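Reading through the structure tokens given below for one structure.
The values are calculated or read from the model by the stated rules, or taken from the named source; none is laboratory data. The model shown is predicted, which means the values in this text are computed figures rather than measured ones. Every residue, glycine among them, receives a Cβ derived from its backbone with ideal geometry; neighbour counts consider all protein chains shown.
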Amino acid sequence: MRSRPVHSIPAGQTNTVLVSQNEGMRAAVAISQDPSNPLAGLVVQDMPEPQAVPGWVKVKVVASSLNPHDLWTLKGVGHPAERIPMILGCDAAGYLEDGTPVIVHPVFGDAQRGHGDITMDPQRALLSEVHNGGFAEWVLVPETHVVPKPDYFSFEEAAVLPIAWGTAYRMLFTRAGLKPGDKVLVQGATGGVASAAISLAKAAGATVYATTRDDANFDFAKKAGADEVFLTGARLPERVDIVVETIGEATWSHSLKALRPGGTVVICGATSGPNASADLNRVFYQQLSVIGSTGCTVDEFTHLLAFMQSEGLRPTITDTVSLENIHEGFQKLQAGKQLGKIAVRVSEEN
């Protein structure tokens, strides 16, 4: 079995993370990066089991989920080569060593550097960027980054929430200031963040419009909560207060045109490309707000869990793969045809 250290703790923390030399675990590891053939660098292999240190806790991972971020790491986008190899997986849900079921909050950083908001820390990182991720039988995280798992959610459901649903919650409620009665457009309805945003906005009392490239996906978007669904770029029945953007170049022009004067577009990603026309004349003349959003705080995630339970919301999981068969999930993610989330079953429940 090959031994390697876990990457260092973020600046400002003094503990050293150790790994056990005697215990082993299975993990899905990025061992190389290739933009044209990313999955060639993904292997499932034995890795050293992490050892808890003061201020950090071990989580026995039951489930995780796939995110586009995992593919970006394998492609070498935004992830330096010197941080390879790395156990992937931004999400994780499982048990503490005392048997407490928990969900891992995946944003690492220092709230003080972010003026009280960990997501604003310029040195922040997601789980699997600097520290080994959730595609492993054990993951080591700061004790402040575990949230009790409500019985309401299965482990698979809990594992798909932190990145996708946490991001959507912050976009709508914290950044865009969603109110009951607002009109919301969600671009790219089948993605994890987008489908979560549809469900959250509808539950909050908004009228929700959604777009997708394929009319075969209309039923999925409506089941998520959309009042009406349109092909990408179609004219809407009315202008909206808020647009939820994850697509970027391909939908940006439509997003700005869909807003009422004084409306807000909130963006958390640009999967089709980052270099859309800013259309500054429209922005200033219509007095539009363009707001970026990334991840969520622990408090926001806790509020999300409570909101979902009170509203009877559950995430849509369209596929579940085992850790050993994780390549099958990655192939579906890479093809871009999955609806909702793909969960990864890592180990059995206690």
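Among the residues of the range 122-174, those identified as of a type in the set (S, T, N, Q) and either free of Cβ contacts under 8 Å to residues at least 60 places away in the same chain or closer than 30 Å to Val186 by Cα (or both) are Gln123, Ser128, Ser154, Thr167, Thr174. Going through (1) more than 24 Å from the chain's Cα centre (by Cα); (2) of a type outside the set (D, E, K, R); (3) part of a helix (DSSP H, G or I) one by one, Phe230 falls short only on (3).
What are the residues in the range 308-350 that are among the basic types (Lys, Arg) and buried (at least 21 other Cβ atoms within 10 Å of the Cβ), if any?
Looking only at the range 308-350, we keep the residues that are among the basic types (Lys, Arg), and these are 314, 332, 337, 341, 345.
Hit for the range 308-350 is Lys341, nothing else.
When each of Ile163, Ile103, Ile118 is tested for being within 16 Å of Val346 (Cα to Cα) and either touching a Leu at 6+ places or on another chain (Cβ under 8 Å) or surrounded by fewer than 24 Cβ atoms within 10 Å (Cβ to Cβ) (or both), the lone residue that passes is Ile103. From the list Thr211, Thr167, Thr174, the one residue that fits, being touching an Asp or Glu at 6+ places or on another chain (Cβ under 8 Å), at pLDDT 95 or above and among the β-branched types (Val, Ile, Thr), is Thr174.
Considering only the range 260-269, I want to know if a residue exists there that is part of a helix (DSSP H, G or I) and of a type in the set (A, V, I, L, M).
Filtering the range 260-269 for residues part of a helix (DSSP H, G or I) gives none.
Checked the range 260-269: no residue is part of a helix (DSSP H, G or I) and of a type in the set (A, V, I, L, M).
Every condition in (1) free of Cβ contacts under 8 Å to residues at least 12 places away in the same chain; (2) touching a strand residue (DSSP E or B) at 6+ places or on another chain (Cβ under 6 Å); (3) of a type in the set (A, V, I, L, M) holds for Ile103 except the one numbered (1).
Look at (1) out of contact with any Gly (no Cβ under 8 Å at 6 or more places or on another chain); (2) among the aliphatic types (A, V, I, L, M); (3) surrounded by fewer than 23 Cβ atoms within 10 Å (Cβ to Cβ); (4) closer than 20 Å to Ile87 by Cα and you find that Ala125 fails only one, number (1).
For (1) in contact (Cβ under 8 Å) with a residue 60 or more places away in the chain; (2) in contact with a Lys or Arg (Cβ under 7 Å, 6 or more places away or on another chain), each residue gets a yes or a no:
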position	(1), (2)
Phe307	yes, no
Arg314	yes, no
Thr320	yes, yes
Glu324	yes, no
Glu328	no, no
Gln331	yes, no
Gln334	yes, no
Gly340	yes, no
Val344	yes, no
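When Ser272 is tested against the conditions (1) closer than 30 Å to Pro150 by Cβ; (2) assigned by TED's automatic domain parsing to the domain that holds Trp252, the lone failure is (1).
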